[in-house]
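Asker: Quick one: the structure is below, questions incoming.
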Amino acid sequence: MKVTSNIEELSDRLDGQDDMKEKKDIDVSLFDMIMSLSDAMDLISTVVNGHHKRVAYIASSIAEELEMSKEEQRHLVIAGALHDVGAFSLQERLDALNFEVTDFLESLGLSKHAEVGYRLINHFQPFDKIASLIRYHHVYWQEGAGAEFQSERIPLGSHILHLSDRIDVSINMKEEVLSQTDRINKRIKENTGNQFKPELVEVYLNLSDKESFWFDIISPVTMEILAEEFSGINISLSIDELGDLAELFSQIIDFRSRFTASHSSGVAATAQALGGQIGLSKIDRKKIKIAGYLHDLGKLAVPTEILEKEEKLTDEEFNIIKKHVYHTYHTLKGVSGLEEINTWAAFHHERLDGNGYPFHHQKEELSLGSRIMAVADVFTAITENRPYREGMDKDRALEVLQDMVQDSALDSDVVTVLADNYEEINIIRQTAQREETEEYKRFLQEVNGSY
């Protein structure tokens with residue numbers, strides 16, 4: 001991802017320079033966006049539901065007790081909310097819940113999912129410090145040997161995340177929490193010095209004496225508690241900053257599978273190009289590109305085994321796929337200021353005749369943005385190359401799109417605009433996907449070369 005001035009501005013404000021005065025053409029909170037991604041990641045299983053936010057709360061509470069700066073607390077909240085972003089499969093997420101790692105390399109700080117998460121997040125400059133926290137969040141303290149790895153100092157925040165993560169996985173969410181604190185504290189103390197830095201354990205044990213600490217961890221309104229206690233995190237994003245962040249989200253969504261590695265970039269580029277030809281305003285063209293980046297956010301809840309299945313899906317598997325747009329809608333629904341972008345993103349599988357999914361909206365309920373997104377998604381899906389098949393050529397692609405128009409699935413006017421400008425729009429799509437495919441290859445090389 002290329003560094004632009006708006007990325008640099010967001011980086012400055014994330015690092016505490018919050019006095020910047022800039023015109024906002026959209027008002028979306030960085031905190032809300034991060035928490036929406038955290039929610040989407042936790043949808044993969046009820047076992048991990050809420051894990052990221054609880055870790056963020058525990059870590060930020062420890063940081064506050066240590067009187068760390070607001071900037072450091074801010075970074076820890078975001079790192080906690082995203083710390084398992086590199087665990088692509090359900091099994092990886094479940095393995096991460098084991099209190100003790102069984103892989104010797106992981107005990108040295110070389111957890112594969114942590115390294116994958118680092119490589120994903122580190123490409124986004126405003127999160128470079130956050131990425132370093134995630135990279136070593138499973139490192140053992142090892143009586144002080146864990147303060148460094150290969151002559152590189154491991155951030156204190158990584159050790160805080162590790163402790164916070166292990167505290168949360170020790171909580172049985174089906175049982176009353178206060179009755180568990182003695183057991184959890186005993187477990188943490190038994191691993192002090194080996195897994196955990198003693199000074200951090202001492203701070204945690206002081207916190208654990210407060211019933212409110214435990215009630216906050218398991219509260220259904222943990223996000224509200226975080227937002228209230230750490231209001232400095234509520235950085236308002238400009239439209240360009242939101243676009244850069246949405247692009248990062250699309251990589252987190254798509255890089256889980258080689259089958260989808262560049263899909264969202266193709267949809268985003270196609271939707272923006274269609275919007276330009278149709279006459280959308282400059283701001284709406286930016287918004288519909290963001291919707292393209294976010295349209296498959298709910299696929300984080302779909303196991304990679306289903307995403308990568310080459311043969312026909314079973315009815316049960318297809319029902320799981322159908323949930324992804326439902327999850328996209330409800331995950332983004334909680335982000336104030338994203339309402340229009342959300343409907344454009346989440347309704348891309350609705351049909352004009354009301355037979356789409358999951359809401360079965362009728363023609364009159366689907367905005368122009370939603371109709372553009374539906375065409376962009378189908379067009380990208382049938383023309384992009386997949387590892388198991390080549391994309392369709394122009395004649396075949398237009399035939400499929402026209403059949404869907406005749407079947408009352410897609411908007412005829414939008415498809416006509418695409419047909420009239422096919423070569424130009426297709427080149428835009430191909431260029432966007434080619435660049436994203438190269439980014440994906442670099443990402444894989446970095447991960448495979450470091451683990």
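Asker: Might you report the magnitude of the Cβ-based charge dipole of segment 240-335 about its Cα centre, with Lys and Arg at +1 and Asp and Glu at -1, to the nearest 20 debye?
Answerer: That gives a dipole near 380 debye.
Asker: Let me spell out the model: positive unit charges on the Cβ of Lys and Arg, negative unit charges on the Cβ of Asp and Glu, origin at the Cα centre of the chain. What dipole size does that give, in debye rounded to 20?
Answerer: 380 debye
Asker: Could you give the semi-axes, largest first, of the ellipsoid that matches the chain, computed as the square roots of 5 times the alpha carbon gyration tensor eigenvalues and rounded to whole Å?
Answerer: 40, 22, 21
Asker: Turning to a different aspect of this structure: Sort Met68, Met35 by accessible area with a 1.4 Å probe, largest first.
Answerer: Largest accessible area first, the list is Met68, Met35.
Asker: Here's another thing I want to ask about it. Write down the Å³ per residue value for the convex hull defined by the alpha carbon atoms of segment 327-451.
Answerer: Normalising the Cα hull of segment 327-451 by residue number yields 150 Å³.
Asker: Contour minus end-to-end for Lys309 and Tyr388, with contour as 0.36 nm per residue of separation and end-to-end as the Cα-Cα distance?
Answerer: This chain segment gains 27.4 nm when fully extended.
Asker: Take the Cβ-Cβ distance between Ile321 and Asp12 as r, set R0 to 51 Å, and report the resulting FRET efficiency rounded to the nearest 0.05.
Answerer: 0.80
Asker: Starting from the residue with the highest accessible area, list Tyr329, Tyr388, Tyr422 in decreasing order, probe 1.4 Å.
Answerer: Tyr388, Tyr329, Tyr422
Asker: Additional query: What whole-number distance in Å separates the alpha-carbon centres of segment 31-80 and segment 294-336?
Answerer: One Cα centre to the other: 23 Å.
Asker: Here's another thing I want to ask about it. State which entries of Lys299/Lys322; Lys287/Lys333; Lys70/Lys129; Lys112/Lys312 exceed 19 angstrom in Cα-Cα distance in the structure shown.
Answerer: With Cα atoms farther than 19 Å apart: Lys112/Lys312.
Asker: Could you please tell me the mean projected area of the C-alpha convex hull for segment 313-372, averaged over all directions and given in square nanometres to one decimal?
Answerer: 4.2 nm²
Asker: Hey, another quick one. Given only helices, namely DSSP H runs of n ≥ 4 each adding -39500 (n - 2.57), what is the per-residue ellipticity at 222 nm of the chain, to the nearest 500 deg cm²/dmol?
Answerer: Helix contribution divided over all residues of the chain: -19000 deg cm²/dmol.
Asker: If you take the charge dipole of the chain about its Cα centre, with +1 on Lys and Arg Cβ and -1 on Asp and Glu Cβ, which of Leu242, Phe213, Gln73 is farthest toward its positive end?
Answerer: The residue sitting farthest along the positive end of the dipole is Leu242.
Asker: Would you mind getting the accessible area per residue of segment 164-286, heavy atoms of the protein chains only, 1.4 Å probe, in Å²?
Answerer: In whole numbers, segment 164-286 has 39 Å² accessible per residue.
Asker: On a straight-distance basis, which aspartates and glutamates could pair with Lys282 in a cross-link, Cα separation under 13 angstrom, same-chain partners fewer than 8 positions away excluded?
Answerer: Counting by Cα, and skipping residues close in sequence, Lys282 has these aspartates and glutamates nearby: Asp25, Asp240.
Asker: Which whole-number percent gives the relative contact order of the chain, counting Cα pairs below 8 Å spaced six or more residues apart?
Answerer: 17 percent.
Asker: Considering the options Ser265, Ile283, Leu307, tell which one lies farthest towards the positive end of the dipole of segment 252-332, charges being +1 on Lys and Arg and -1 on Asp and Glu at the Cβ, about the Cα centre.
Answerer: Ile283
Asker: What do you get for the angle between helix 198-208 and the principal long axis of the chain? Use alpha-carbon atoms, 0 to 90 degrees, nearest ten.
Answerer: For helix 198-208, the angle is close to 80 degrees.
Asker: Could you give P(r) for segment 155-207, binned at 5 Å from zero, as whole percent values over all Cα-Cα pairs?
Answerer: 4, 20, 33, 24, 12, 6, 1
Asker: Answer with one residue from Ala432, Ser367, His327: the one whose Cα lies farthest towards the positive end of the charge dipole of segment 314-451, charges on Cβ with Lys, Arg +1 and Asp, Glu -1.
Answerer: His327
Asker: Next question, about the same structure. Please list the equivalent ellipsoid semi-axes of segment 213-281, computed as the square roots of five times the alpha-carbon gyration tensor eigenvalues, in descending order and whole angstrom.
Answerer: 34, 19, 9
The values are calculated or read from the model by the stated rules, or taken from the named source; none is laboratory data. Bear in mind the structure is a predicted one, so any value in this text is a computation, not a measurement. Counting neighbours? That spans all protein chains shown, and the Cβs are built from the backbone with ideal geometry, glycine included. Heavy atoms of the whole protein, side chains included, go into the accessibility calculation; ligands, DNA and RNA do not. Shrake-Rupley method; radii C 1.70, N 1.55, O 1.52, S 1.80 Å.
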